[in-house]
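*Asks:* To start, I am sharing the structure in question, which I have written as structure tokens.
The values are calculated or read from the model by the stated rules, or taken from the named source; none is laboratory data. It should be emphasised that the depicted structure is a prediction, and the values quoted were computed from it without experimental measurement. Cβ: placed from backbone, ideal geometry, glycine included. Neighbour counts: every protein chain shown. What goes into the accessible areas is simple: the full protein's heavy atoms, side chains included, and nothing from ligands, DNA or RNA. Shrake-Rupley method; radii C 1.70, N 1.55, O 1.52, S 1.80 Å.
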Amino acid sequence: WSAPTEWQPPPQVMPPAQPSAPRIVRTEQQHLIIEWASDEKDFEAGVFYDLQMQSHAQRRGGSFSDWASVPVFTSLAPAGQEAAEPTPGAMAMRGVVERQAIIDAVRAGAGHDGVRFRVRAAHKGGVAGPPSDPSEETTVH
């Protein structure tokens, strides 16, 4: 047995910073390439990124679907190819999304015309930061 110590609250994990609004930088036949800026400290701490999509029905009164996660493969954006220069202390991130995953989600929305994306950073322990602002709306065929 060791001598008792005073109780201490568990360490608090700060939520990750809010990423910048994602930007679609390239549309390929089977993929969409999306970039955003994230805090360098969060990246070094090993956060993961949840890319979420929302579809928009321009017919039927312009209703939006709920935000839904879509599978994304993330990496650092190649140097010199960022959609916008990240601010000091930020890392340019790149996400590759399969076009078919987006099309399937839009079909589930029955008649939605456009999509937009947002990014949320989270620690592996489950503490998530605020979502980014949404991207500009785009159509996916």
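*Asks:* Would you compute, from DSSP H runs of 4+ residues alone, the mean residue ellipticity of the chain at 222 nm, taking -39500 (n - 2.57) per run and dividing by the full residue count, rounded to the nearest 500?
*Replies:* So the helix-based figure for the chain works out to -3000 deg cm²/dmol.
*Asks:* In square angstrom, what is the accessible area per residue of the chain with a 1.4 angstrom probe?
*Replies:* Here the residues of the chain average 62 Å² of exposed surface.
*Asks:* Grab the Cα-Cα distance for residue 98 and residue 8, subtract it from 0.36 nm times how many residues apart they are, and report the gain in nm with one decimal.
*Replies:* Gain on stretching residue 98 to residue 8: 27.8 nm.
*Asks:* Here's another thing I want to ask about it. Out of the range 7-81, which trypsin sites (Lys or Arg not before Pro) are coil in DSSP terms and have no more than 11 other C-beta atoms within 10 Å?
*Replies:* Values: sites: 23, 26, 41, 59, 60; in loops: 59.
Filter output for the range 7-81: 59.
*Asks:* Amide H neighbours of residue 93 under 5 Å, at least 5 residues apart or on other chains, H built in the peptide plane: list them.
*Replies:* Amide H neighbours of residue 93, under 5 Å, 5+ apart: 36, 37, 38, 77.
*Asks:* For the pair residue 107/residue 133, report the inter-label distance in nm, with labels modelled 7 Å from Cα in the Cβ direction.
*Replies:* Taking the two extended label points, one gets 3.4 nm.
*Asks:* How far is helix 99-108 tilted, in degrees, relative to the longest principal axis of the Cα atoms in the chain, given as a value from 0 to 90 rounded to the nearest 10?
*Replies:* Compared with the principal axis, the helix lies near 80 degrees.
*Asks:* Loop sites only, by DSSP: take the chymotrypsin sites (Phe, Trp or Tyr not before Pro) in the chain that have at most 10 other C-beta atoms within 10 Å and name the longest stretch containing none of them.
*Replies:* The answer is 8-141.
*Asks:* What part of the accessible area of the chain, given as a whole %, is carbon or sulfur when the probe is 1.4 angstrom?
*Replies:* Reported share for carbon and sulfur atoms: 53 percent.
*Asks:* Can you tell me the length gained on complete extension of the stretch residue 41 to residue 26, counting 0.36 nm per residue apart and subtracting the Cα distance?
*Replies:* Computed gain between residue 41 and residue 26 is 2.7 nm.
*Asks:* Something else: Given springs between every Cα pair under 10 Å in a Gaussian network model of the chain, which of 34, 103, 24 has the largest fluctuation?
*Replies:* Comparing 34, 103, 24 in the GNM, the peak value goes to 103.
*Asks:* Relative contact order (percent) for the chain, with alpha-carbon contacts under 8 angstrom and 6 or more residues of separation? Walk me through the numbers before you get to the answer.
*Replies:* Numbers: 289 pairs, mean separation 47.4, N = 141.
Relative contact order of the chain: 34 percent.
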